[in-house]
Amino acid sequence: MNNIESIKAISCLKGKEKIKVLFVCLGNICRSPAAEGIMRSIVEEHGEADCWEIDSAGTGNYHIGELPDNRMRIHARRRGLELQHHCRQVTTDDFYEFDLIVPMDASNETNLKRVSPSEECDEKIVPMAQFFNRFAHFDHVPDPYYSGAEGFERVLDLLQDGCETLFNIIKTNNTNA
Ligand code: 4NP
């Protein structure tokens, strides 16, 4: 996490009534629906659900319509999260709808730039690792699909860290507005 408030997409959120965030990974069945669920639980815990629009999508189209991967649902449930998102693919319109588009790794970021309609919209892309605090030594959220249980637990730890930082930054930004 490196002077994140100076990133244009973050400073542009100052004073907004509703913050619209889209989390993106490859399949939209492991990392990004988990990020969506964690972010939702953080804003609900703080009584701020009405101020946020939170969604997730995949750059790939392999699992459209499916619920998240069973392994991710089981690990998330152990932390009190029910993941109910149905997989969808990211679209050009997402770049107009959302303020912040958060890829999990560099490959997701490259793929997002192919879908982005303009350089201005490219600026809405801010990788998840930018928000890491306790896990600042990680530069991406590793794909857990071919990993064991520890891979899924690691993803949830990283996302909890990143989403808490994202929430705190927006909150501080808007309180000082
Ligand atoms: P995700 O994980 O990008 O975190 O949802 C994956 C899910 C499915 C596949 C790859 C990664 N797949 O190749 O089907």
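Where residues in the range 42-67 are of a type in the set (S, T, N, Q) and farther than 14 Å from residue 21 by Cβ, which of them is farthest from the ligand (Cβ to nearest atom)?
The qualifying residue farthest from the ligand (Cβ to nearest atom) is 61.
Condition first: open to solvent by 80 Å² or more (accessible area, probe 1.4 Å), within 15 Å of the ligand (Cβ to nearest atom), more than 29 Å from residue 137 (Cβ to Cβ) and free of Cβ contacts under 8 Å to residues at least 40 places away in the same chain. Can you find one or more residues in the range 69-76 that meet it?
yes
Can you tell which of 65, 60 is open to solvent by less than 80 Å² (accessible area, probe 1.4 Å), more than 15 Å from residue 126 (Cα to Cα) and more than 17 Å from the chain's Cα centre (by Cα)?
The conditions single out 65.
Looking only at residues in the range 126-147 that are among the aliphatic types (A, V, I, L, M) and away from the ligand (no atom under 14 Å from the Cβ), which one is farthest from the chain's Cα centre (by Cα)?
This residue is 136.
Would you confirm whether any residue within the range 103-124 is away from the ligand (no atom under 16 Å from the Cβ), closer than 17 Å to residue 32 by Cα and open to solvent by less than 30 Å² (accessible area, probe 1.4 Å)?
Within the range 103-124, not a single residue is away from the ligand (no atom under 16 Å from the Cβ), closer than 17 Å to residue 32 by Cα and open to solvent by less than 30 Å² (accessible area, probe 1.4 Å).
With (1) of a type in the set (Val, Ile, Thr); (2) in a helix (DSSP H, G or I); (3) within 21 Å of residue 132 (Cα to Cα) as the list, and residue 74 as the residue in question, which single condition is left unmet?
(3)
Identify the single condition in (1) open to solvent by 60 Å² or more (accessible area, probe 1.4 Å); (2) modelled with pLDDT under 95 that residue 170 does not satisfy, given that it satisfies every other one.
Condition (1) is where residue 170 drops out.
The values are calculated or read from the model by the stated rules, or taken from the named source; none is laboratory data. Every value quoted in this text rests on a predicted model; they were computed, and no experiment measured them. Virtual Cβ from ideal backbone geometry, glycine too; neighbours counted across all protein chains shown. Just the protein is used for accessible areas: all its heavy atoms, side chains included, with ligands, DNA and RNA removed. Shrake-Rupley method; radii C 1.70, N 1.55, O 1.52, S 1.80 Å.
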